[in-house]
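Peer 1: This is the structure I want to talk about, given as structure tokens.
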Amino acid sequence: MAILDNVSLPTVNLFHFLGTYKKALDKKWNQYKTYRRTMKELSLLSDRELDDIGLSRYSLRATTRDRCFKH
């Protein structure tokens, strides 16, 4: 029968985990704020101005979401 002597388990540092989780939440929050600000500014433009920059009012949300929530 084999006896295991020096078995070491990986240690989980709670502070590292919480720090990483907070960074991820901060990133998502900043992306969301950028999305809201961009949507607000673009929605103030006229259809003509949106057309000039290659956007339509219909595609505004999807385009803004794709640009703001890149990884």
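The values are calculated or read from the model by the stated rules, or taken from the named source; none is laboratory data. Quantities reported herein were computed from a predicted structural model and do not represent experimental measurements. Don't worry about glycine lacking a Cβ; one is built from the backbone with ideal geometry, like all the others, and counts go over all protein chains shown.
Peer 1: Considering only the range 38-47, state which residues are surrounded by 12 or more Cβ atoms within 10 Å (Cβ to Cβ), free of Cβ contacts under 8 Å to residues at least 24 places away in the same chain and either part of a helix (DSSP H, G or I) or under 14 Å from the mean Cα position of the chain (by Cα) (or both).
Peer 2: We begin by selecting, within the range 38-47, every residue surrounded by 12 or more Cβ atoms within 10 Å (Cβ to Cβ); these are 38-39, 42-43, 45.
Within this subset, residues satisfying the condition of being free of Cβ contacts under 8 Å to residues at least 24 places away in the same chain are 42-43, 45.
Result: L42, S43.
Peer 1: All but one of (1) surrounded by 12 or more Cβ atoms within 10 Å (Cβ to Cβ); (2) among the charged types (D, E, K, R); (3) at pLDDT 95 or above hold for K33; state the number of the condition that does not hold.
Peer 2: Every condition holds for K33 apart from (1).
Peer 1: Related question: Could you check how many residues of the range 58-71 are touching a residue at least 12 places away in the same chain (Cβ under 8 Å) and assigned to a loop (DSSP other than H, G, I, E, B)?
Peer 2: Let us first name the residues in the range 58-71 that are touching a residue at least 12 places away in the same chain (Cβ under 8 Å), namely 60-61, 64-65, 67-69.
Right, trim to assigned to a loop (DSSP other than H, G, I, E, B) and you get 69.
Qualifying residue count for the region: 1.
Peer 1: Might you let me know whether the range 13-24 holds any residue that is modelled with pLDDT under 90, in a loop (DSSP other than H, G, I, E, B) and not acidic (D, E)?
Peer 2: Yes, because at least one residue in the range 13-24 is modelled with pLDDT under 90, in a loop (DSSP other than H, G, I, E, B) and not acidic (D, E).
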